[in-house]
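Comments concern the structure below.
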Amino acid sequence: MRTVSHQGRETAYERHDRGGDGEPLLCVHGSGGSHAVWKSQARLADERPVVAVDLSGHGVSEDVDAEAGFGALSAYADDVIAVAEETGARVLVGSSLGGAVALHIALYREFEPDGLVLAGTGARLAVLDDLLAWLAEDFDRAVEFLHEPGHLFYDADDRLVELSREAVYDCGRAVVERDFRTCHAFDVRDELDGVSVPALAVVGEHDRLTPPRYHEYLHEELPDCGLATVEDAAHLAMLERPGAFNEAVSAFLDGLGAAQ
């Protein structure tokens, strides 16, 4: 893992580079995740460097003193921009909370990406009241809920599901609750026309956390946004069906290259 220093903290990231000459991708995980959720996207490094960040308080990155909501989202955006500037990445790939971070950057920051891949996310990310309550009072129940079929995974290998559970526990209750409350506060539905870069919305066919209609909305309301559905997958389509996910991302990137 490499690190970059910014605003008094160290943010960690992993870089995969197999000599591809395409623009680097910067992958941003979701709530309770880490760079490891993007392990199968390392295959894209034949075409271009692939960078995956640990947001503050996740993986091996230092935490930040930020309240859930806009404060945490802004801090996470600082992490992403610092890594993007360090690595030269100009395309952001965000999953769930990571998609909210990517949209926040595209809307509010001076850093302008060349493209966005918005996976398992939405312009609004309301969280079930029960899940918010479990995150505060019964973390075990929250983790079990997230790993029920149709939530993080549809029909994944048991080992993959167990690794996901372990990752959420490693992140810890306080950070995971902060993440989901930050998602709950996120709503840019009235601002999507301010996103000036091409985008792709990618959704797992069976995702019940951020269902297909969220991505159809992005497709319809963003000025330039494609739509791709990954069959036989739920929220973490990049892990559950990495081949199909990577194909969708590669096709989008090929289109970006042709337009430049």
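A few notes on this one:
- Only strands (runs of 3 or more DSSP E) whose full extent lies in segment 1-93 are considered here, and the ones with at least 2 residues that are not aliphatic (A, V, I, L, M) are 2-6, 9-16.
- Here the condition is being without any contact (Cβ under 8 Å) to a residue 60 or more places away in the chain and not in a helix (DSSP H, G or I); of E162, E148, it holds for E148 alone.
- Of T182, T210, all but one fail to be in contact with a helix residue (DSSP H, G or I) (Cβ under 7 Å, 6 or more places away or on another chain), polar (S, T, N, Q), within 23 Å of L128 (Cα to Cα) and open to solvent by less than 70 Å² (accessible area, probe 1.4 Å); the exception is T182.
- In segment 22-36, the residues that are of a type in the set (A, V, I, L, M), open to solvent by less than 20 Å² (accessible area, probe 1.4 Å) and closer than 30 Å to R173 by Cβ: L26, V28
- Residues located in segment 220-238, provided they are closer than 14 Å to E205 by Cα and in contact with a Phe, Trp or Tyr (Cβ under 9 Å, 6 or more places away or on another chain): A228, V230, D232, A233, A234, H235, L236, A237, M238
- Selected residue (criterion: most open to solvent (accessible area, probe 1.4 Å)) from residues of segment 185-207 that are in contact (Cβ under 8 Å) with a residue 60 or more places away in the chain and over 25 Å from D54 (Cα atoms): R189
The values are calculated or read from the model by the stated rules, or taken from the named source; none is laboratory data. Note that the structure is predicted; figures quoted are calculated from it, not measured. Glycine also receives a Cβ, built like all others from the backbone with ideal geometry; neighbour counts cover every protein chain displayed. Heads up: the accessible areas ignore ligands, DNA and RNA and are worked out on the full protein's heavy atoms, side chains in. Shrake-Rupley method; radii C 1.70, N 1.55, O 1.52, S 1.80 Å.
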